[in-house]
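Written out below as C-alpha cells is the structure these notes cover.
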Amino acid sequence: RFVAPLVMLEQAGGIAPDWPRRLLALGVERAQKHLRLSRAEARRLDDTRKAIALNAPAEAAYTYGADIARDAALVLAASLGTPLPDDLEARISLGASAVFPVSAADLLGKIPPGPALGHALNQLRTRWIKSGFTLDKDALL
C-alpha cells in the first residue's frame with residue numbers, strides 16, 4: 001500500500017532497504033502468521049507496529065530502540081504521504097540515550113516492596129517520558 005512512498009523516503013534519506021519495514025508498508029500484518037519468521041523477526045515486526053502506534057520517535061526509541069523507532073517513523077511518514085521530520089534523528093537519539101533516573105531503591109522507604117512499588121515506578125516512568133525525558137530524580141520524587 002505504501003511501498004512507493006517508503007522507497008522514496010529511504011532513497012532521500014540514504015537509508016538502506018529493509019524487508020521487514022517494507023512488509024509493514026505493504027500492510028500485510030495478518031499474513032505474518034503464514035510467513036516463516038524467527039521469533040526475533042516476529043518480535044521486531046510487532047515492536048515496530050507498536051512504535052508506529054505511539055507516533056512519538058523519542059518514546060519509541062527509548063522503549064524499542066533506535067532502529068525500530070526509525071523504521072516506525074519511515075512507515076508512518078510513507079502511510080501519511082509526509083516527509084520525515086527534520087529533527088527525527090535528534091528525537092531518536094534523545095530517546096535511545098535516555099536513562100530513567102529513578103530506581104526501586106529510591107522508593108523503598110516510601111512504598112513497600114511488591115506490586116505497589118512496580119506500579120509507582122511505572123507511573124513515574126510515564127511522567128518522565130511525557131516530560132520529554134527532562135524530569136530529574138528530585139522532580140520525580
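Observations on the structure shown:
- Derived scalar couplings ³J(HN,Hα) [region 101-113; Karplus, 6.51 cos²θ - 1.76 cosθ + 1.60; whole Hz; x for Gly, Pro]: x, 10, 10, 4, 4, 5, 9, 4, x, 9, 10, x, x
- Simple spin-label estimate for L80 and T63 gives 1.6 nm between the two label positions (7 Å along the Cα-to-Cβ direction from each Cα).
- Surface composition of region 15-141: carbon and sulfur make up 56 percent of the accessible area, probe 1.4 Å.
- Reachable lysines from K130, criterion Cα separation under 29 angstrom, eight or more residues apart if same chain: K50, K110
- Region 84-141 versus region 1-43: alpha-carbon centroid distance in Å: 31
- Amide H partners (placed H, <5 Å) of V102, local residues excluded: none
- Rounded to 10°, Cα long-axis angle of helix 66-80 versus longest principal axis of the chain: 50
- Backbone N atoms of region 108-130 closer than 20 Å to the 7 Å Cα→Cβ label point of K137 belong to residues 108-113, 117-130.
- Computed over Cα pairs, the Kirkwood radius of region 1-132 leads via Stokes-Einstein (1.306 mPa s, 10 °C) to a diffusion coefficient of 98 µm² per second.
- Estimated inter-spin distance, L26 and K130, nm [label 7 Å along Cα→Cβ]: 3.9
- Region 46-141, accessible area per residue, ligands and nucleic acids excluded (1.4 Å, Å²): 54
- With a Förster radius of 22 Å applied to the C-beta separation of K33 and R1, the computed FRET efficiency comes to 0.70.
- Selection of trypsin sites (Lys or Arg not before Pro), region 47-141, meeting DSSP coil and at most 13 other Cβ within 10 Å: K110
The values are calculated or read from the model by the stated rules, or taken from the named source; none is laboratory data. Source: prediction; values computed, not measured. Don't worry about glycine lacking a Cβ; one is built from the backbone with ideal geometry, like all the others, and counts go over all protein chains shown. Accessible surface is based on the protein model in full, side chains and every heavy atom, while ligands, DNA and RNA are left aside. Shrake-Rupley method; radii C 1.70, N 1.55, O 1.52, S 1.80 Å.
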